[in-house]
1. Please work out how much length the chain gains when fully extended from Tyr320 to Ala363, using 0.36 nm per residue of separation minus the C-alpha to C-alpha distance, in nm with one decimal.
2. Starting from the 7 Å offset along Cα-to-Cβ, what nm value, one decimal, do you get for the label separation of Asp230 and Arg187?
3. For Glu415 and Ala301 in one chain, what is 0.36 nm times their gap in residues minus the Cα-Cα distance, to one decimal in nm?
4. What aspartates and glutamates sit close enough to Lys77 to cross-link, taking a C-alpha to C-alpha distance under 16 Å and skipping anything fewer than 8 places away on the same chain?
5. With both bridge residues required to lie in the range 106-278, what share of the DSSP beta bridges run antiparallel, to the nearest 5%?
6. Return one quarter of the surface area of the convex hull spanned by the alpha-carbon atoms of the range 231-308, equal to its mean projected area, in nm².
7. Once you've got the GNM for the chain with C-alpha springs shorter than 10 Å, pick whichever of Ile59, Ile282, Ile115 has the biggest mean-square fluctuation.
8. Based on DSSP, what percent of beta bridges with both residues in the chain are antiparallel, to the nearest 5?
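What follows is calculated from the coordinates using simple rules that are stated; it is not laboratory data. On a predicted model such as this, the values are computed, not experimentally measured, just so you know. Cβ sites come from the backbone with ideal geometry, for glycine too, and all protein chains shown count toward neighbours.
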Amino acid sequence: MNHFELRDGADGLELHAEDVALAAIAEACGTPTYVYSRATIERHYRVMDEALGGVPNSICYAVKAASNLAILGLLAKLGAGFDIVSVGELERVLAAGGLPERVMFSGVGKRDDEIERALRVGIRCFNVESAWELERIEAVAERVGRRAPISVRVNPDVDPQTHAYIATGLRTSKFGVPMVEAQAMYRRAAASPHLHVVGIDCHIGSQITQVEPLAAALDRVLELVDALADEGIAIEHVDMGGGLGITYKDEEPAPPAAVGRAYAERLGPRGLELVVEPGRLIVGNAGVLLMRVLGVKTGEAKTFVIVDAAMNDNIRPSLYGAWQQLEPVCPSGRNETTVDVVGPICESGDFFARDRVLPEVRAGELLAMRSAGAYGFTMASTYNSRPRAAEVMVDGSRLTVVRERESLRALWAGERLLDEDDAGPSAI
């Protein structure tokens with residue numbers, strides 16, 4: 001469920017975010033603009049929290065999904081922890097009021113400065129991806145005089161049955177380590193005075209719609225937990241990552257309650273804490289990308305609806321071939337037609353939809369792209385020197401601009417012209 005729906009307006013039905021008409025947002029903030037619903041974010045978090053009630057748990061929101069400070073601050077107030085993959089995400093969490101002791105640091109390549117900063121602020125755990133990374137964390141911990149809390153991310157070789165780009169638990173993936181290697185890493189960590197074993201980590205992919213792959217992955221993880229226990233190495237928490245899917249088109253993802261039951265059945269008797277790292281599930285359907293039609297171009301083979309948003313604003317359709325619903329903000333009742341919805345960027349890959357059946361639209365009208373809350377703005381770029389979109393949060397009838405539209409001058413902030421009077425490049 002989300003809080004984007006058609007309601008009566010001055011001139012007929014209009015798409016609203018909670019109690020605010022999207023047309024009014026476009027008028028006030030321009031386009032393209034990301035629009036988030038606070039009520040939807042809160043509802044999705046609480047549904048997940050309730051689904052995991054059968055076992056001690058921590059919900060650590062995956063910051064990469066949508067990292068605006070307003071979203072992070074809202075989730076921190078709800079009690080969320082955070083899953084990060086960079087020191088930049090760590091600083092965002094701290095700036096938003098998140099607690100460092102509820103932060104899990106994931107990712108396959110953490111730099112020494114990132115490790116040090118995380119140690120100094122006191123994060124909850126490093127999810128370690130390789131033997132060499134364990135060595136780096138140990139060395140930094142020794143240098144700064146801290147004991148680093150770690151878990152090893154294991155690769156269970158379970159097929160999540162999702163897009164190849166977001167499948168992360170197969171043996172061909174760059175993520176995680178095989179079970180046998182993980183066991184050796186745990187032995188090393190347990191013997192080190194600079195490392196503290198606290199958990200075990202696993203994440204098999206994103207947009208997972210079935211319980212079975214998640215349950216199979218947990219079964220394999222628990223085999224390793226038992227093997228470690230036989231060696232006297234105790235595990236406090238099991239981190240199963242995120243990955244639960246949402247509905248973009250006609251998917252029927254397993255409800256969080258079903259996943260929660262599968263986890264509780266396996267973890268309940270053991271007394272282990274469950275950590276999950278949802279991102280898309282919390283914010284995916286809590287956001288739309290609002291755009292305006294620039295014009296309609298009829299070619300020999302196709303009709304193109306050209307909009308003012310582009311692949312730099314949302315790259316998912318171009319990168320993943322992702323399907324996201326597009327609909328008029330103010331339905332006209334005109335006949336449907338088959339079109340490609342494209343942006344103005346100088347790339348054939350700049351499209352939002354191909355051969356999509358939509359009601360006829362005209363220049364100046366507004367379209368909304370659904371399910372744009374996750375991996376929309378966070379993957380945006382300034383390609384073609386296009387400023388990044390504004391972000392707004394709707395809370396009932398209240399509208400707050402939570403990120404101003406990027407200015408043109410900001411596009412070259414930090415750059416400089418060459419000084420032709422210089423004898424040569426400046427010394428570094």
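1. Values: separation 43, 0.36 × 43 = 15.48 nm, distance 2.81 nm.
Roughly 12.7 nm would be gained on extension.
2. The modelled label-to-label distance comes out at 1.3 nm.
3. 36.7 nm
4. Those aspartates and glutamates meeting the cut-off are Glu42, Asp49, Glu101, Asp395.
5. Details: 1 of 18 bridges.
Here the antiparallel bridges make up roughly 5 percent for the range 106-278.
6. For the range 231-308, averaging the hull's shadow over all directions gives 9.5 nm².
7. Looking only at Ile59, Ile282, Ile115, the biggest GNM fluctuation is shown by Ile115.
8. Values: 36 of 72 bridges.
Restricted to the chain, the bridges split so that about 50 percent are antiparallel.
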